[in-house]
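For reference, the structure discussed in these notes is given below.
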Amino acid sequence: MANTLLMPKATAVWLVDNTALSFDQIAQFCSLHPLEVKAIADGESAQGIKGMDPVITGQLTRAEIAKGEADINHRLKLSEPKVRVPETKRKGPRYTPLSKRQDRPNAIYWLVKNHPELKDAQISRLVGTTKATIEQIRERKHWNIAQLTPMDPVALGLCSQIDLDIEVQRASRGREAPAPVGDTLLPAALTERLTPQEAAPKDEEKELDANAVFAKLSALKSKKTDDEEDEDKF
């Protein structure tokens, strides 16, 4: 693991304020540019940053600072850390315990069947398998395909529900939304194109029909009255 300085700018602030080291020495130790160290000394940079003592953090000794102050050409060296933190491993396929590896084909079968939108790389991240195995199960060419049973990888403990949901959401981005089922409201773009007669509510049409019926009945009644008057004359 590479030994690196913690909080370089805060360390530079402390060295500028508390030592007689040159700008070049501080810049080399803190991985900064000498002009940036000069700006810190002039108060033009790192304003509001509290200086951090590298001696307290165990990254520099008093003796090393004294050597640098006595010799302008001396390059400060970081102290060896007392505790070494292991380097972060490169991301790769999810590790699957030996006791659960036999369940991976069933989990892959379940994912391929229930979430066909998932890519091979996503399935590989979820259950820690290879693309070749996924392709064989997709195409039903796996040597044990007849014995496979779709099983939820979350229930098998091969991945978490959160991880599965995240991968499904990623795979669903950009896909067309499913067509609505049942009666739905018409879009505004369509309703604006309707004529006043088409846009009129059905109840109003019924009311208009009822008025027409009553008008017709009134006409018939008036005609009948006229006929009765004519009969009385005779």
Cβ pairs under 7 Å, 6+ apart or interchain, first in region 62-80 and free of Cβ contacts under 8 Å to residues at least 12 places away in the same chain, second assigned to a loop (DSSP other than H, G, I, E, B) and surrounded by 14 or more Cβ atoms within 10 Å (Cβ to Cβ), ordered by first then second residue, are Arg62/Val55; Lys67/His74
When you scan region 110-145, how many residues do you find that are basic (Lys, Arg) and not in a helix (DSSP H, G or I)?
3
Restricting region 62-82 to residues that are part of a loop (DSSP other than H, G, I, E, B) and over 20 Å from Asp24 (Cβ atoms), the one modelled with the highest pLDDT turns out to be Ser79
Can you find, within region 13-52, the residue that is nearest to the chain's Cα centre (by Cα) among those that are charged (D, E, K, R) and over 20 Å from Ala66 (Cα atoms)?
Lys50
Looking only at region 1-28, count every residue that is at pLDDT 90 or above, hydrophobic (A, V, I, L, M, F, W, C) and in contact with a Lys or Arg (Cβ under 8 Å, 6 or more places away or on another chain) and tell me the total.
3
With the requirement that a residue be closer than 11 Å to Leu60 by Cβ and assigned to a helix (DSSP H, G or I), what does region 3-25 give you?
Thr11, Trp14, Leu15
Among the candidates Thr149, Thr184, single out the residue that is of a type in the set (Val, Ile, Thr) and at pLDDT below 85.
Thr184
What pairs can you find where one residue is in region 1-27 and under 14 Å from Lys50 (Cα atoms), the other is among the acidic types (Asp, Glu), and their Cβ atoms are less than 9 Å apart, with a gap of 6+ or different chains?
Lys9/Glu36; Thr11/Asp53; Ala12/Glu36; Trp14/Asp53; Asn18/Asp53
Within region 34-68, the count of residues that are closer than 13 Å to Val16 by Cβ, among the acidic types (Asp, Glu) and surrounded by 14 or more Cβ atoms within 10 Å (Cβ to Cβ) comes to 1
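The values are calculated or read from the model by the stated rules, or taken from the named source; none is laboratory data. The model shown is predicted, which means the values in this text are computed figures rather than measured ones. Counting neighbours? That spans all protein chains shown, and the Cβs are built from the backbone with ideal geometry, glycine included.
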